[in-house]
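The values are calculated or read from the model by the stated rules, or taken from the named source; none is laboratory data. Worth saying up front: this structure is predicted, and the values here are computed from it rather than measured. Cβ sites come from the backbone with ideal geometry, for glycine too, and all protein chains shown count toward neighbours. Note: accessible area is taken over every heavy atom of the protein model, side chains too, but ligands, DNA and RNA are not part of it. Shrake-Rupley method; radii C 1.70, N 1.55, O 1.52, S 1.80 Å.
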Amino acid sequence: MLFKFVCYNFSMLKLNIIIFIFLILFPISAEPQELDRSMFKSSSMVSLEVAKKAIKQVYLDSGQTRTLHCGCFFDKQKQVYPNSCDMNPSRLRIKEERKILKWVHAMPLSVFAGPMNCWNELICTKSDGSKFKGANCCDNISPKFKSMQSDMHNLIPSFDWAIGILGDSFGSVAFGGMNEYKACINGGVIPKDPVAEARGNLARAYFYMSFLYRIRIEDTPEEKLRTWHFEDPPDQMEEERNSLIEQVQGNRNPFIDHPEAVERVIDF
């Protein structure tokens, strides 16, 4: 009986040692599984002018012809009507006159091109021999910049609306359509964040650009964008826009199709 007891304890000891060694060699991670990059296809679009024409048609085809920040109606001639917005026009300190639609980048040029040499350094040469940098330089020499600049998933409808108000502090996230955003006034106070209906759209455009083109987002804006993403999930218009863009440039924004995928990216 004693012999059996000793053998049993010895066997259990060996089993515990084996389990211990296994856990050391093959630790069970509590971290979420890394997001598969194969979910993200490259865009076939390389021309910003072509992209602007195509994204305009996307909005016309969907019947959702309103600007992102203020929800102002625009027509097929690209005229924006400030007396036809989602907000009460009396809250706008402007004349009710038509404006011209602009397609701007949700993640601005300064963010996605900022780390590039062509944006920062005088490495391009004009016909007169002078050097230049910035968007024109990047457009001349960088295929990656052409793809980023013309990616329709990062283009949003907006306009310039000069309303003569002071203050230029809008939190930690830079985004396109700032002049329109300034017009979304509540009691004369400039909001610290975009209108609630636009926040998730902006966040998913940022995450798409960051993950597809490997653009780093600083920690503070990333935290805010994650909050926006979950507080304002994709709606029917955003999902339809995603599908219409795919028909033109051949890829989708997976963060619209699978909002939970954001949780599988530890650091954008």
What does the extension gain come out to for Leu60 and His258, with contour length at 0.36 nm per residue minus their alpha carbon separation?
68.7 nm
In the neighborhood of Met116, defined by Cβ-to-Cβ distances under 14 Å, what is the net charge if each Lys or Arg adds +1 and each Asp or Glu adds -1?
+3
Reachable aspartates and glutamates, given that their alpha-carbon falls under 18 Å from the alpha-carbon of Lys224 and they are not under 8 places away in the same chain:
Asp193, Glu197, Asp232, Glu260, Glu263, Asp267
Given a 1.4 Å probe and the protein chains all in place, what does the accessible area of His153 round to, in Å² to the nearest 10?
10
Which far-off residues, 5 or more places away or on another chain, put their amide H under 5 Å from the one on Cys124, with H placed in the peptide plane?
Phe132
How big is the accessible area of Glu34 in square angstrom, nearest 10, if you roll a 1.4 angstrom probe over the protein chains?
150
Give me, ordered by chain and number, the residues 5 or more places off Val104 or on other chains with an amide H under 5 Å from its own placed amide H.
Ile156, Ser158
Please tell me which of these pairs span more than 22 angstrom C-alpha to C-alpha: Lys126/Lys146; Lys41/Lys133; Lys76/Lys99; Lys52/Lys126; Lys144/Lys192?
Lys41/Lys133; Lys52/Lys126; Lys144/Lys192
Reported to the nearest 10 Å², Trp119 has, with a 1.4 Å probe, an accessible area equal to 60
